[in-house]
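Novice: To start, I am sharing the structure in question, which I have written as structure tokens.
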Amino acid sequence: MATVEVFLSVLMVVIMVVSLLSNAVVLICFLSSPEIRKQVPCVFTLNLTFCNLFLTISNMPLTLVGLINEGPPGGDAFCQFVGFSDTFLTTNSMLSMAALSIDRWIAVVFPLRYHSRMRHRDAALVLGYTWIHSMSFSTVAACLSWLGYHPLYASCTLSDVTENSQTQFVIFTVFFHCLTFLLSFLVLCVTYLKVLKVARFHCKRIDVITMQTLVLLVDIHPSVRESCLEEQKRRRQRATRKISTFIGTFMVCFAPYVITRIVELFPSVPIDHHWGVVSKCLAYSKAACDPFVYSLLRNQYKKTCGDIINRLLKPSSMNSSGPGHHHNHETRGRNNVVQTAAD
């Protein structure tokens, strides 16, 4: 293997490990926290987590095999099944991100009517659409034999294997990416930009109240005043940073792959094999980013992870005292552990 192939193989392994561990942690938090399960957005988050996990377990290792062997990881029927799952899971993931952005938009723009507009039944209907949408395109591609091993991406994915219906394949590919990637991107931009507008409006109101308070408190210490002004600045930047993360990770991970798929439709434009694999790795890396972007960096998930770690460490801490210690010393040690876990 050349140096580039070795680097891409290592990159693929890193993406697989991070994606598997992070998505597994999200799933454990979901199972451990009743508060998370009661929230409506958890329906979309759980669906996104399962899509990422299945993509990590089923498709990423086979792409790694295709990269190392420089050929299909199995027979034609097997590769068609893997291509079907790749198309379905990637499409479902994009639409799940769009659904999460719609949920945030309703929660921020219509906070008083959120519980009536976004219930578990409504979330199930939106989730049903994502499944129907994903299944429809994947089924059409499978029925028309447009799934198979693609050497440019070293993976089993959407590909005109027979090359007998190039015009229809071009129309299908453009239509497919317009209704998945482009639609999801537009939904993300519209909803999150509206959320950012509302967040900035509330930040401005809070800033006005804070400045009026600082003017009235003439005897306030300069360090306290400076701290308040610094908090205003951080509050304004926090909302922008979150929105940029949601939209930015979507574009950085998916845009190179989708653009490559569109450029590939023009035979006169040469595409380097290594770039094709890199764009596929970037698309896979979204599965590793999603747990942090949508779940693990939120306070509720951080608290749940902390509670799980405390429960795991509590028995070992209680058993750490030797049998020769006095009974009251052992009891005091257990009480200290319980108090530490509670804090």
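Novice: I'd like to check something: does segment 161-169 contain any residue that is part of a helix (DSSP H, G or I), out of contact with any Lys or Arg (no Cβ under 6 Å at 6 or more places or on another chain) and touching a residue at least 12 places away in the same chain (Cβ under 8 Å)?
Specialist: Scanning segment 161-169 turns up at least one residue that is part of a helix (DSSP H, G or I), out of contact with any Lys or Arg (no Cβ under 6 Å at 6 or more places or on another chain) and touching a residue at least 12 places away in the same chain (Cβ under 8 Å).
Novice: Moving to a separate point now. Among the residues of segment 29-52, is any under 23 Å from Asp272 (Cα atoms) and in contact with a Cys (Cβ under 8 Å, 6 or more places away or on another chain)? Steps first, answer last, please.
Specialist: To start, the set of residues in segment 29-52 that are under 23 Å from Asp272 (Cα atoms) comprises none.
No, every residue in segment 29-52 fails to be under 23 Å from Asp272 (Cα atoms) and in contact with a Cys (Cβ under 8 Å, 6 or more places away or on another chain).
Novice: Residue check: is Thr173 open to solvent by less than 80 Å² (accessible area, probe 1.4 Å), touching a Ser or Thr at 6+ places or on another chain (Cβ under 9 Å), modelled with pLDDT of 90 or more and among the polar types (S, T, N, Q)?
Specialist: no
Novice: Could you list, in sequence order, all residues of segment 50-73 that are open to solvent by 30 Å² or more (accessible area, probe 1.4 Å) and either in contact (Cβ under 8 Å) with a residue 60 or more places away in the chain or polar (S, T, N, Q) (or both)?
Specialist: Ser58, Leu62, Ile68, Asn69, Glu70, Pro72, Pro73
Novice: Okay, moving on. Quick one: Tyr284 ticks every box in (1) open to solvent by less than 30 Å² (accessible area, probe 1.4 Å); (2) outside any helix (DSSP H, G or I); (3) of a type outside the set (S, T, N, Q) except a single one, so which number is it?
Specialist: With (1) open to solvent by less than 30 Å² (accessible area, probe 1.4 Å); (2) outside any helix (DSSP H, G or I); (3) of a type outside the set (S, T, N, Q) applied to Tyr284, the lone miss is (2).
Novice: Could you please find all residues in segment 110-167 being within 19 Å of Ile259 (Cα to Cα) and surrounded by fewer than 18 Cβ atoms within 10 Å (Cβ to Cβ)?
Specialist: Of everything in segment 110-167, those that are within 19 Å of Ile259 (Cα to Cα) and surrounded by fewer than 18 Cβ atoms within 10 Å (Cβ to Cβ) turn out to be Pro151, Gln166, Thr167.
Novice: Can you tell me which residue among Ala99, Ala107 is open to solvent by 10 Å² or more (accessible area, probe 1.4 Å), in contact with a Phe, Trp or Tyr (Cβ under 7 Å, 6 or more places away or on another chain) and not basic (Lys, Arg)? Before you say what the answer is, go through the steps one by one.
Specialist: Details: Ala99 fails: open to solvent by 10 Å² or more (accessible area, probe 1.4 Å).
Within the list Ala99, Ala107, the selection yields Ala107.
Novice: Still on this structure: From the set of residues in segment 233-281 that are open to solvent by 60 Å² or more (accessible area, probe 1.4 Å) and among the polar types (S, T, N, Q), which is nearest to His150 (Cα to Cα)?
Specialist: Per the stated criteria, the residue is Ser268.
Novice: Would you confirm whether or not segment 76-89 contains a residue that is small (Gly, Ala, Ser), in contact (Cβ under 8 Å) with a residue 12 or more places away in the chain and part of a helix (DSSP H, G or I)?
Specialist: So far as segment 76-89 goes, yes, one or more of its residues are small (Gly, Ala, Ser), in contact (Cβ under 8 Å) with a residue 12 or more places away in the chain and part of a helix (DSSP H, G or I).
Novice: Which members of segment 123-137 meet the condition of being over 21 Å from the mean Cα position of the chain (by Cα) and in contact (Cβ under 8 Å) with a residue 12 or more places away in the chain?
Specialist: Phe137, the sole residue that qualifies.
Novice: Identify, please: which residue in segment 13-49 is touching a residue at least 24 places away in the same chain (Cβ under 8 Å) and over 17 Å from Asp290 (Cβ atoms) and is, among those, surrounded by the fewest Cβ atoms within 10 Å (Cβ to Cβ)? Write out each step before concluding.
Specialist: First, pick out the residues of segment 13-49 that are touching a residue at least 24 places away in the same chain (Cβ under 8 Å): 13, 15-16, 18-20, 22-29, 32-33, 35-36, 40-41, 43-45, 47-49.
Keeping just the survivors that are over 17 Å from Asp290 (Cβ atoms) gives 13, 32-33, 35, 40.
On the way: Val13: 13, Ser32: 14, Ser33: 19, Glu35: 10, Val40: 19.
Of everything passing the filter in segment 13-49, Glu35 is surrounded by the fewest Cβ atoms within 10 Å (Cβ to Cβ).
The values are calculated or read from the model by the stated rules, or taken from the named source; none is laboratory data. As the structure is a computational prediction, the values presented were derived from the model and not from experiment. Here Cβ is always computed from backbone atoms with ideal geometry, including for glycine, and neighbour counts include all displayed protein chains. The accessibility values were calculated without ligands, DNA or RNA, using every heavy atom of the protein model including side chains. Shrake-Rupley method; radii C 1.70, N 1.55, O 1.52, S 1.80 Å.
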